[in-house]
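Student: Sharing a structure, written as structure tokens. Questions coming.
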Amino acid sequence: MDFNQILLSVDKPARYAGGEYNSANLDKENATRFCICMPDLYEVGMSNLGLKLLYHRLNDEEKVICERCFAPADDFAKAITEAGLPLMSLESKTPLKNFDMVGFSIQYEMLYTNVLYMLDLAKIPFYAKDRGEEYPIIVSGGPSAVNPEPYAEFMDLIMVGEGEEMLPALVALYREHKEREHFDKWEFIRDAQKIEGIYAPMFNTPENRKTVRKAVVKDFDNCYYPTAQIIPAIEIVHDRAMVELFRGCANGCRFCQAGFYYRPIRYRKGETVAKLCCGVALDSGFDEISLGSLSTGDYPYLEETLTQLKPFVSKRRISLALPSLRLDSFKGDFVESSRKNSLTFAPEAGTQRLRNVINKNVTEENIETAMRAAFSQGYNSIKLYFMMGLPTETDEDLEGIAQVVKKIRWIFSSMRKGALNISVSCAVFVPKPLTPFQWVPQISLEEVERRQNFLREKLKIKNVAFHYHDGKTSFLEAVFARGDRKLAKVIEKAYQLGAKFDGWTEYFDYDRWMQAFDLCGVDAKSYVAERDIDKPLPWSFIDCGVSERFLKAEYKKSLLAQSTPSCLVNCQGCGASSYCKCNEVDDK
């Protein structure tokens with residue numbers, strides 16, 4: 001069976017066909033060839049802004065061709081295996097093993113087995129030590145690089161931090177080495193460590209540690225952003241354009257890894273955002289644009305930007321989405337031009353005491369003000385996100401979630417007639433590296449089940465739907481979030497037992513993972529236990545700008561239920577300003 005016959009035999013063949021509008025120009029002579037891989041299905045990977053940024057950034061280079069590859073569904077994987085074909089790129093159908101460099105964007109911990117799945121289909125050995133010069137350089141990046149140790153042995157190089165400038169520099173260095181009389185793969189890998197943000201696991205071992213400082217885009221207002229973006233061939237998970245308002249977050253929620261990892265705070269000017277939104281609509285045809293950030297309401301130019309965009313979006317019937325609005329920053333006029341049937345907020349905890357513990361600086365007054373603003377705009381459906389298992393949490397805090405829901409219902413009934421639908425989602429807290437909670441234990445699976453049952457009973461309220469996350473998935477996420485190099489063999493064994501697409505409920509098999517831990521002689525529970533605050537952690541050599549001294553101070557304040565003001569109030573001295581000046585806002 002040839003490739004075209006395979007396409008006709010599988011579900012959603014457009015996942016593998018390529019040829020999308022605005023895709024790469026392959027007509028470049030003597031180009032360095034890079035394949036960026038998303039270890040998830042096409043419709044998930046194509047929703048990722050980082051993939052689009054790096055794909056177009058590399059393809060804008062004169063002598064670089066960047067192609068894409070996604071983790072295939074079972075039917076396609078089976079078909080190419082039976083046909084004796086390796087995993088190939090979308091654009092040119094080139095086997096991955098024939099590229100100069102292959103890069104994996106690893107967005108979260110439950111994708112680790114999918115990396116091996118793709119390497120296996122590509123007929124590339126898993127471990128860096130087993131790959132000679134006949135194989136491409138295997139690189140990875142993404143948020144998981146906060147602690148890359150569980151998968152470090154699979155990678156030649158790991159990119160820590162933001163890739164828009166780091167990846168082109170790495171590809172340029174590869175090209176320089178390749179043009180020498182004799183190319184030495186190991187010399188290139190060793191030399192790559194000179195680029196800020198590059199970690200070479202084989203030359204930077206637990207026995208001989210060197211600090212790796214993350215890469216940061218310092219001038220975010222002029223940072224690369226493609227308006228002519230590749231257009232998906234099928235409907236994807238987030239089928240809209242996204243323009244970042246700013247990077248970083250001023251709020252310092254103690255559970256939030258992204259809030260610390262993406263510091264320092266760097267803004268795009270309002271006119272820059274407006275120009276990019278108009279450009280992406282005209283060049284790519286999107287009719288929905290998301291104005292993205294970790295906390296959109298904190299963007300100092302938001303009202304100015306919406307005012308500038310209003311004539312354009314009204315004329316072209318483009319909707320603007322404003323995700324990540326905090327309850328304390330929500331204003332009804334922010335969402336007038338992007339009104340949907342439902343609004344989403346994340347109080348995270350049900351009581352003020354616990355919100356102080358996690359430094360979620362949201363008050364009961366903020367909640368009431370935000371709800372009144374939403375209901376006055378016509379909303380009759382609210383989604384609320386909480387977490388359970390937070391440090392110091394009690395049943396009283398869980399009951400507080402139900403009290404928040406009841407208060408919102410009361411506010412609605414005092415303003416309007418009709419029914420209010422409330423969706424409550426409650427995730428299991430995962431202690432993450434680079435947060436003040438990186439030392440705390442995760443609650444047991446038995447306790448997760450007890451608390452979920454407790455909250456379910458409290459939320460038996462009319463027109464209130466309760467959703468909760470699987471505790472077993474959250475347990476494994478915590479294991480790999482705080483893991484070390486011993487976990488590589490567990491990942492390999494789990495994949496050999498059939499693990500892949502572990503972030504998908506229909507694929508995830510907890511017992512399979514526990515079997516892998518047992519066969520490898522690794523104690524999974526040890527990774528979610530409390531850590532000694534004075535001992536080095538597996539990821540301590542990764543310098544993300546925020547100092548360990550600051551994280552320890554924040555952890556101690558959390559135990560006293562003391563909150564820390566936003567960076568927008570005054571600098572808290574976390575250390576991230578060593579990269580560039582934080583909170584720089586024009587006075588106009």
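Student: Could you give me the residue pairs with C-beta distances under 8 Å whose first residue belongs to the range 400-415 and is among the aromatic types (Phe, Trp, Tyr), whose second residue is crowded, with 19+ Cβ neighbours inside 10 Å wherever it lies, and which are 6+ apart or on separate chains?
Tutor: Hits for this filter: Phe412/Met371; Phe412/Phe375; Phe412/Leu420.
Residue-wise test of (1) among the acidic types (Asp, Glu); (2) in contact with a helix residue (DSSP H, G or I) (Cβ under 7 Å, 6 or more places away or on another chain); (3) closer than 25 Å to Gly19 by Cβ; (4) touching a residue at least 40 places away in the same chain (Cβ under 8 Å).
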{"residue": "Leu87", "(1), (2), (3), (4)": "no, yes, yes, no"}
{"residue": "Glu91", "(1), (2), (3), (4)": "yes, no, yes, yes"}
{"residue": "Lys97", "(1), (2), (3), (4)": "no, no, yes, no"}
{"residue": "Phe104", "(1), (2), (3), (4)": "no, yes, yes, yes"}
{"residue": "Thr113", "(1), (2), (3), (4)": "no, yes, no, yes"}
{"residue": "Met118", "(1), (2), (3), (4)": "no, no, yes, yes"}
{"residue": "Ala128", "(1), (2), (3), (4)": "no, yes, no, yes"}
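Student: Restricting the search to the range 1-18, which residues are open to solvent by 80 Å² or more (accessible area, probe 1.4 Å), among the aliphatic types (A, V, I, L, M) and assigned to a helix (DSSP H, G or I)?
Tutor: Across the range 1-18, the qualifying residue is only Leu8.
Student: Filter the range 131-178 for residues that are polar (S, T, N, Q) and part of a helix (DSSP H, G or I) and give the result.
Tutor: Matches in the range 131-178: Ser144 only.
Student: Going through Gly498, Gly483, Gly545 one at a time, which residue ends up being open to solvent by less than 40 Å² (accessible area, probe 1.4 Å), touching a helix residue (DSSP H, G or I) at 6+ places or on another chain (Cβ under 7 Å) and without any contact (Cβ under 8 Å) to a residue 24 or more places away in the chain?
Tutor: Numbers: Gly483 fails: without any contact (Cβ under 8 Å) to a residue 24 or more places away in the chain; Gly545 fails: without any contact (Cβ under 8 Å) to a residue 24 or more places away in the chain.
Checking each option against the conditions leaves just Gly498.
Listed here are the residues, each with its yes/no results for (1) more than 30 Å from Gly19 (Cβ to Cβ); (2) surrounded by fewer than 23 Cβ atoms within 10 Å (Cβ to Cβ).
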{"position": "Ile230", "(1), (2)": "no, yes"}
{"position": "Ala233", "(1), (2)": "no, yes"}
{"position": "Ile236", "(1), (2)": "no, yes"}
{"position": "Asp239", "(1), (2)": "no, yes"}
{"position": "Val243", "(1), (2)": "no, no"}
{"position": "Phe246", "(1), (2)": "yes, no"}
{"position": "Gly252", "(1), (2)": "yes, no"}
{"position": "Phe255", "(1), (2)": "yes, no"}
{"position": "Arg263", "(1), (2)": "yes, no"}
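Student: While we're here: Test each condition in (1) outside any helix (DSSP H, G or I); (2) modelled with pLDDT of 90 or more for Leu551 and report the one that comes out false.
Tutor: Of everything listed in (1) outside any helix (DSSP H, G or I); (2) modelled with pLDDT of 90 or more, Leu551 misses just condition (1).
Student: A further question follows. Inside the range 195-216, can you point out the residues that are touching a residue at least 12 places away in the same chain (Cβ under 8 Å), of a type in the set (D, E, K, R) and not in a strand (DSSP E or B)?
Tutor: Glu196, Arg209, Lys210, Lys214
Student: Kindly establish whether Leu90 is open to solvent by less than 20 Å² (accessible area, probe 1.4 Å), touching an Asp or Glu at 6+ places or on another chain (Cβ under 8 Å) and either part of a strand (DSSP E or B) or closer than 12 Å to Met38 by Cβ (or both).
Tutor: Spelling it out, Leu90 is indeed open to solvent by less than 20 Å² (accessible area, probe 1.4 Å), touching an Asp or Glu at 6+ places or on another chain (Cβ under 8 Å) and either part of a strand (DSSP E or B) or closer than 12 Å to Met38 by Cβ (or both).
Student: When the range 199-215 is examined, which residues are found to be surrounded by 13 or more Cβ atoms within 10 Å (Cβ to Cβ) and touching a strand residue (DSSP E or B) at 6+ places or on another chain (Cβ under 6 Å)?
Tutor: Matches in the range 199-215: Tyr199, Ala200, Val212, Arg213, Lys214, Ala215.
Student: Now a separate question. Going by the conditions given, is Asp60 open to solvent by 30 Å² or more (accessible area, probe 1.4 Å), closer than 26 Å to Trp513 by Cβ and not small (Gly, Ala, Ser)?
Tutor: The answer is no for Asp60.
Student: Also, I was wondering about something else. Return only the number of the condition from (1) over 16 Å from Leu119 (Cβ atoms); (2) open to solvent by less than 10 Å² (accessible area, probe 1.4 Å) that Pro136 does not satisfy.
Tutor: Exception for Pro136: condition (1).
Student: Output yes when any residue across the range 528-538 is under 22 Å from Ser444 (Cβ atoms) and of a type in the set (Lys, Arg), and no when none is.
Tutor: Looking for residues that are under 22 Å from Ser444 (Cβ atoms) and of a type in the set (Lys, Arg), one finds at least one in the range 528-538, hence yes.
Student: Conditions: (1) assigned to a loop (DSSP other than H, G, I, E, B); (2) at pLDDT below 90; (3) crowded, with 18+ Cβ neighbours inside 10 Å. Phe345 meets all but one. Number of the miss?
Tutor: Phe345 satisfies all of (1) assigned to a loop (DSSP other than H, G, I, E, B); (2) at pLDDT below 90; (3) crowded, with 18+ Cβ neighbours inside 10 Å except (1).
Student: A further question follows. If you go through the range 554-577 one residue at a time, how many are closer than 26 Å to Lys210 by Cα and out of contact with any Pro (no Cβ under 8 Å at 6 or more places or on another chain)?
Tutor: 3
Student: Filter the range 551-574 down to residues that are touching a helix residue (DSSP H, G or I) at 6+ places or on another chain (Cβ under 6 Å) and of a type outside the set (S, T, N, Q) and give me whichever is surrounded by the fewest Cβ atoms within 10 Å (Cβ to Cβ).
Tutor: Among residues in the range 551-574 that are touching a helix residue (DSSP H, G or I) at 6+ places or on another chain (Cβ under 6 Å) and of a type outside the set (S, T, N, Q), the one surrounded by the fewest Cβ atoms within 10 Å (Cβ to Cβ) is Ala561.
Yes or no, residue by residue, for (1) touching a strand residue (DSSP E or B) at 6+ places or on another chain (Cβ under 7 Å); (2) modelled with pLDDT of 95 or more; (3) of a type in the set (Lys, Arg):
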residue	(1), (2), (3)
Glu449	no, yes, no
Arg456	yes, yes, yes
Lys493	no, yes, yes
Ser526	no, yes, no
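Student: Within the range 459-480, count every residue that is in contact with a Leu (Cβ under 7 Å, 6 or more places away or on another chain), surrounded by 19 or more Cβ atoms within 10 Å (Cβ to Cβ) and farther than 19 Å from Cys520 by Cα.
Tutor: So the count comes out to 2.
Student: While we're on this one: Answer with yes or no whether Ala128 is farther than 24 Å from Phe475 by Cβ, touching a strand residue (DSSP E or B) at 6+ places or on another chain (Cβ under 8 Å), among the aliphatic types (A, V, I, L, M) and surrounded by fewer than 22 Cβ atoms within 10 Å (Cβ to Cβ).
Tutor: Taking the combined requirement at face value, the residue satisfies it.
Student: Sticking with this structure for a sec: Would you pick out the residues in the range 20-59 that are over 27 Å from the mean Cα position of the chain (by Cα) and small (Gly, Ala, Ser)?
Tutor: Ala31 - this is the single residue of the range 20-59 that is over 27 Å from the mean Cα position of the chain (by Cα) and small (Gly, Ala, Ser).
Student: Could you check, for the range 417-432, whether at least one of its residues is within 17 Å of Leu476 (Cα to Cα), touching an Asp or Glu at 6+ places or on another chain (Cβ under 7 Å) and open to solvent by 20 Å² or more (accessible area, probe 1.4 Å)?
Tutor: No, the conditions are met nowhere in the range 417-432.
The values are calculated or read from the model by the stated rules, or taken from the named source; none is laboratory data. Not measured: the values here are computed from a predicted model. Counting neighbours? That spans all protein chains shown, and the Cβs are built from the backbone with ideal geometry, glycine included. Each accessible area value is taken on the protein alone, full model and side chains, heavy atoms only, with ligands, DNA and RNA left out. Shrake-Rupley method; radii C 1.70, N 1.55, O 1.52, S 1.80 Å.
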